[in-house]
Amino acid sequence: MAMTQLTHLVRSLTGILQKTQFMASAVIEPRCDIHTTGPSLTGRYTGRKVVEKPKEYTTRPLRMVQTGGRGEDGRVAIPRCGGGHKRNFRWVDFQRDRLIQPGRIQMVERIEKIMYDPCRSARIALTACGEDKRYLVATDDMEEGNIITTIKEIPKLPVRPNPGDCYQLGALPIGAIVCCIEKFAGHGAMICRSAGTSAQILRKVDGRCVFRLPSKQEISVSQECMATAGRVSNMKHQDVVVGKAGRNRWYGIRPHSGLWHRKTGVHGRKLRFKRLVTFNEPRSPGQTTQKLTI
C-alpha cells in the first residue's frame, strides 16, 4: 500500500515538473484571424462578415458572407448584429504607392468613375494606370476624368498639394488638410478613412510629423508616411436621419433586448483634458510571449 502511494506521488511530482518547464519556455504565436477556405482563396473573419479574397488584387466585387454576429464556434460574439441586405465587397487599395515602378518616385492615374460602396460610408473611385485598375477612397473634390498623382519623395521645400494627390507627410506644408494617412510607412492608410474626416498638419520635429484629428487628438508619425491631400468624400453622411427602426435592420443592426440597462459614469458630466501626443512606432517582428495558467 505504501509502495503504491509512493509511486503515485513520484508520478505527480514528475508531471508538475514537466508543466513548470513548459511554462518557463512557452512562446505562443499571436492568434491569426485568417483561415483557408479553398485552394486559392483565403477568408478573413471580422465578426460581422467573412470576405473571400484572392491572392492577387482584383476590382471585381467579392462575395461577402454575413455571420449574424456569430463567432467561429457558432455562439454570439457581437450582439445587435444580424440580417440586412446582401452586399458585395469592393477591395479598396489603401497603399497608394503600391503601383510605383522600381526606380521611379511618382505615378499618374486617371479617375474612371466615382462609385457608391455599400460596405463603407465614403465614396470610392475607380482609377486606371495603364492596364492596372484599382479602387481608392475618393476625396471631396474628385471628379470623373481627373488626373491624380502619387509622389514618394520629400523635397527641400514643401509642395503645394492638389486635392486627391498623395504625398509623404514630410513634403506637405504645415497647416495642410490631409486624409487617408498611414500609421506606419508602407503599411497602407489607417487614419481618416471614413466619410467627411480629415486631419491638419501642425508641426514637424526630428523626422516626425504631428497632425491633429477632428477629436483634437494629436498623433506623431514618421515623415515618410503617405497621406492624401483633401477631405474624404460624402461630407453629409453625418446629417443622414435614419427615420425608422426598419432602416437599421436594412443595415444589419438589430434592436436592443428591451430590458432596463443601468447607466454608467460615461453618461455623466466629465472634465475633458487636452490629450497628449500619441507616438506610433512599428512593432519589431517576432513572437509574442504569453503566460500560461495550468
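The values are calculated or read from the model by the stated rules, or taken from the named source; none is laboratory data. Computed from a prediction, not measured in an experiment: that's the story for all the values here. Neighbour counts are summed over all protein chains in view; Cβ atoms, including those assigned to glycine, are modelled from backbone coordinates with ideal geometry. Note: accessible area is taken over every heavy atom of the protein model, side chains too, but ligands, DNA and RNA are not part of it. Shrake-Rupley method; radii C 1.70, N 1.55, O 1.52, S 1.80 Å.
So here's what we get for this one:
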quantity	calculated
Checking S220 against (1) in a loop (DSSP other than H, G, I, E, B); (2) small (G, A, S); (3) touching a strand residue (DSSP E or B) at 6+ places or on another chain (Cβ under 9 Å), the condition it does not meet	(1)
Count of residues meeting criterion [closer than 23 Å to P173 by Cβ and among the β-branched types (V, I, T)] in the range 221-278	5
Pair list, Cβ < 7 Å and 6+ apart or interchain, from the range 160-177 residues that are closer than 20 Å to N146 by Cα to residues that are among the charged types (D, E, K, R) and surrounded by 15 or more Cβ atoms within 10 Å (Cβ to Cβ)	C166/R96; I177/R231
All positions within the range 171-189 that are touching a Lys or Arg at 6+ places or on another chain (Cβ under 7 Å) and within 25 Å of Q101 (Cβ to Cβ)	C180
E131 vs. criteria among the acidic types (D, E) and surrounded by fewer than 17 Cβ atoms within 10 Å (Cβ to Cβ)	yes
Of residues in the range 56-104 being of a type in the set (G, A, S) and without any contact (Cβ under 8 Å) to a residue 12 or more places away in the chain, the one surrounded by the most Cβ atoms within 10 Å (Cβ to Cβ)	G74
Any strands (runs of 3 or more DSSP E) falling wholly within the range 66-174 and containing at least 3 residues that are among the aliphatic types (A, V, I, L, M)	106-115, 124-129, 147-151
Residue within the range 200-209 that is open to solvent by 70 Å² or more (accessible area, probe 1.4 Å), outside any strand (DSSP E or B) and at negative phi present	no
Yes/no for T197 being outside any loop (DSSP other than H, G, I, E, B), open to solvent by less than 60 Å² (accessible area, probe 1.4 Å) and under 30 Å from M115 (Cβ atoms)	no
